[in-house]
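Participant: My structure is below; once you've seen it, I'll send some questions.
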Amino acid sequence: ATVNRPDLQRTKCTMASTVVSKEATKLAFLVALVLLGVASFCRTKVQSPDSLDPRTLGQNHQRELIFGEDNLRVASFGSSSTWGANLENRFTAFPYLISPTVDNYALFAGGPNYPSVCLQTLIGEDKVYDVILLEYYLRAKEGLEALATRLRERFPEAVIIFIKISGPFHASRRESETSTEPAMTFEQWRHTVSTPNGQKNELIEALKSDTGYWFFPDHQEADVKINTAARKVGGYQVHLPQDETPKETLRHYMRFFDCAEKTHLNEIGHSLVANLTSAIAREHVKNQQETDQVNAGSRIGTWGLGDSCHLWMTTGACNLEYASNYKLVEYDPDAGKFALQLDGPGWINVQNPFDEPRTLYLSFIATSTIGKYPVMKAKFEGVNGHQEHLLEPYNAPDSHVVGVIRTLPVGVIPPNKAHTKIHFTPQSPGLLPFRLVGASFTNDIMTPREFNFGPMFNSGLM
């Protein structure tokens, strides 16, 4: 895409555990404030209307980029901000401002565990990437290092950039610096001062006159996890720039986030993140091309022990063989959620595609309401003989969340693509049939989280 735009200054970042320099962050603030007046530069032209189901949209949208013309091959992983939540047009999210060639693997309410376990399944065999973006901050402990390591092993030449997004939702307030009273979150403070309209400028003015002590709590564990992962894979780190005081930083951050709930970047915030990451990516690729003009960016490595994940809740694509009394249904049409309903005794067939025994994990819908779904016994002949496992469709008893995914190991399946029949028998009555939503083989190094493993919503790969 050809673009007419003023030159934008770019910040310099250092490798591994370093972050954007203080001088560069001040420059980034100036860039961002300029962008406040030229937000039209942030808009992307997409041929397909946003109202279409993401599953029907192709990946080759024509866009007007603001950060260059060259076609970097970008893979992005992260949360709903990386996906583009709350934007009028999600294709103005920062990955799409860097390049028109983007595979966006971000998930709503998702940490790095799922992609770290199922990376080969997600990406496939033919993709090659120049740039990999990892936007996980407070959930870095859920497998970020494992994800980054697998990506580096597969894509040895790609630049890997770790993005830490802190926003108003991270800020806290006390009456004074020495106060011992419990801290108030930004959201709590906001409701004490917000006018009926709750407009952003009104909140900024209220913050300007506020006399309390503002601070951003340390997240040492998350910082250590990101630093460790970045050093291990030779990655870069970027974060939103900080001002002289936490209060001034918060005031600036409010310009970068959606006004309604302060957790998702707005167009200005996405432009800032794209500006910070684009400079690193293009400099890395340029240096790589100068070093090896023939093979630069074309090498791929290994998937290691591999993975084979099959989760159909958001796609309805279940390729298992199963008993005739079991049905694949769209149980929540509004949200586009599917399940294989195990209505009574029956069976499914699974295949281990690897050359060695692998643990099978089954994913199913769980709730805090006992009796909504039946408890199921799963039994089969495995590597260690006859195996049985109870699948209890419950999450934490004090949780008010319904319809979460629970994933449990059920045993070790023989190798070499042998069919293994898993027999199911209800162990208790249920108001609704047992809902199975996934069957996965992992590498037995990275293992699925017990709750909310996999996509909860159909975010679509773009």
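Participant: Here are the criteria: (1) touching a Phe, Trp or Tyr at 6+ places or on another chain (Cβ under 6 Å); (2) farther than 17 Å from Pro448 by Cα. Tell me which single one Pro115 does not satisfy.
Facilitator: Result: Pro115 passes all but (2).
Participant: So, restricting to strands (runs of 3 or more DSSP E) that lie completely within segment 400-455, which ones have at least 3 residues that are within 15 Å of Asn113 (Cβ to Cβ) and out of contact with any helix residue (DSSP H, G or I) (no Cβ under 9 Å at 6 or more places or on another chain)?
Facilitator: The strands (runs of 3 or more DSSP E) meeting that bar are 404-413.
Participant: Out of all the residues in segment 352-373, which are under 10 Å from Pro415 (Cα atoms), in contact with a strand residue (DSSP E or B) (Cβ under 9 Å, 6 or more places away or on another chain) and open to solvent by 10 Å² or more (accessible area, probe 1.4 Å)?
Facilitator: Pro353, Phe354, Pro357
Participant: Out of Gly301, Gly269, Gly297, which single residue is in a loop (DSSP other than H, G, I, E, B), at pLDDT 90 or above and either closer than 30 Å to Ser81 by Cβ or open to solvent by less than 60 Å² (accessible area, probe 1.4 Å) (or both)?
Facilitator: Just one listed residue meets the conditions, Gly301.
Participant: Quickly run through segment 407-454 and pick out the residues that are open to solvent by 60 Å² or more (accessible area, probe 1.4 Å) and charged (D, E, K, R).
Facilitator: Matches in segment 407-454: Lys417, Lys421, Asp444, Arg449, Glu450.
Participant: Going by the structure shown, is Tyr253 in contact with a helix residue (DSSP H, G or I) (Cβ under 6 Å, 6 or more places away or on another chain) and more than 30 Å from His191 (Cβ to Cβ)?
Facilitator: Criteria not met by Tyr253.
Participant: State all residues of segment 197-241 that are touching a helix residue (DSSP H, G or I) at 6+ places or on another chain (Cβ under 7 Å), in contact (Cβ under 8 Å) with a residue 60 or more places away in the chain and surrounded by 17 or more Cβ atoms within 10 Å (Cβ to Cβ); if no residue qualifies, say none.
Facilitator: Within segment 197-241, Ala222, Lys225, Ile226, Ala229, Val233, Gly235, Tyr236, Gln237, Val238, Leu240, Pro241 qualify.
Participant: Which residues, taken from segment 110-133, are among the aliphatic types (A, V, I, L, M), surrounded by 24 or more Cβ atoms within 10 Å (Cβ to Cβ) and under 16 Å from Glu157 (Cα atoms)?
Facilitator: Passing the criteria: Val131, Ile132, Leu133.
Participant: A further question follows. Could you please tell me which pairs satisfy a Cβ distance under 6 Å, a separation of 6+ or placement on different chains, a first residue in segment 308-337 that is more than 22 Å from Pro448 (Cβ to Cβ) and basic (Lys, Arg), and a second residue that is modelled with pLDDT of 95 or more and open to solvent by less than 60 Å² (accessible area, probe 1.4 Å)?
Facilitator: Listed by first residue and then by second, the contacts come to Lys327/Gln341.
Participant: Here is a follow-up. In segment 80-109, how many are touching a Lys or Arg at 6+ places or on another chain (Cβ under 8 Å) and not in a helix (DSSP H, G or I)?
Facilitator: Qualifying residue count, segment 80-109: 6.
Participant: Let me ask you something else. What number goes with the only condition from (1) of a type in the set (Lys, Arg); (2) within 25 Å of Asn443 (Cβ to Cβ); (3) within 16 Å of the chain's Cα centre (by Cα) that Lys127 does not pass?
Facilitator: Of everything listed in (1) of a type in the set (Lys, Arg); (2) within 25 Å of Asn443 (Cβ to Cβ); (3) within 16 Å of the chain's Cα centre (by Cα), Lys127 misses just condition (3).
Participant: OK, next. Anything in segment 245-263 that is open to solvent by 30 Å² or more (accessible area, probe 1.4 Å) and either at pLDDT 90 or above or not in a helix (DSSP H, G or I) (or both)? List them, or say none.
Facilitator: Thr245, Pro246, Lys247, Glu248, Arg255, Asp258, Cys259, Ala260, Glu261, Thr263
Participant: Going through Leu97, Leu138 one at a time, which residue ends up being at pLDDT below 90 and touching a helix residue (DSSP H, G or I) at 6+ places or on another chain (Cβ under 9 Å)?
Facilitator: Going through Leu97, Leu138 in turn, just one is at pLDDT below 90 and touching a helix residue (DSSP H, G or I) at 6+ places or on another chain (Cβ under 9 Å): Leu138.
Participant: Something else about it: Could you figure out which of (1) open to solvent by 10 Å² or more (accessible area, probe 1.4 Å); (2) over 29 Å from Ala335 (Cα atoms); (3) within 20 Å of the chain's Cα centre (by Cα) isn't true of Leu138?
Facilitator: (2)
Participant: If Arg282 satisfies all but one of (1) basic (Lys, Arg); (2) touching a helix residue (DSSP H, G or I) at 6+ places or on another chain (Cβ under 7 Å); (3) under 30 Å from Arg73 (Cβ atoms), what's the number of the condition it fails?
Facilitator: All conditions are met except number (2).
Participant: Right, Ile165: open to solvent by less than 60 Å² (accessible area, probe 1.4 Å) and closer than 26 Å to Ser278 by Cβ or not?
Facilitator: So Ile165 passes the test.
Participant: Right, Gly460: modelled with pLDDT of 85 or more and open to solvent by less than 60 Å² (accessible area, probe 1.4 Å) or not?
Facilitator: Against the criterion (modelled with pLDDT of 85 or more and open to solvent by less than 60 Å² (accessible area, probe 1.4 Å)), Gly460 does not qualify.
Participant: What residue, among those in segment 308-335 that are aromatic (Phe, Trp, Tyr) and over 20 Å from Asn352 (Cβ atoms), is surrounded by the fewest Cβ atoms within 10 Å (Cβ to Cβ)?
Facilitator: Filtering first and then ranking leaves Tyr331.
Participant: Looking at segment 165-216 only, could you name the residues that are among the basic types (Lys, Arg) and under 33 Å from the mean Cα position of the chain (by Cα)?
Facilitator: Those that are among the basic types (Lys, Arg) and under 33 Å from the mean Cα position of the chain (by Cα): Arg173, Arg174, Arg190, Lys200.
Participant: Here are some residues: Ala279, Ala274. Which one is part of a helix (DSSP H, G or I), at pLDDT 90 or above and surrounded by 12 or more Cβ atoms within 10 Å (Cβ to Cβ)?
Facilitator: Ala274
Participant: So Glu187 fits all but one of (1) without any contact (Cβ under 8 Å) to a residue 60 or more places away in the chain; (2) of a type outside the set (Lys, Arg); (3) open to solvent by 50 Å² or more (accessible area, probe 1.4 Å); what number is the exception?
Facilitator: Unmet condition: (1).
The values are calculated or read from the model by the stated rules, or taken from the named source; none is laboratory data. Note that this is a predicted model, so its numbers are computed, not measured. As a convention, Cβ positions derive from the backbone with ideal geometry for all residues, glycine included, and neighbour counts pool all protein chains shown. Side chains are part of the model used for accessible areas, which takes the heavy atoms of the whole protein and leaves out ligands, DNA and RNA. Shrake-Rupley method; radii C 1.70, N 1.55, O 1.52, S 1.80 Å.
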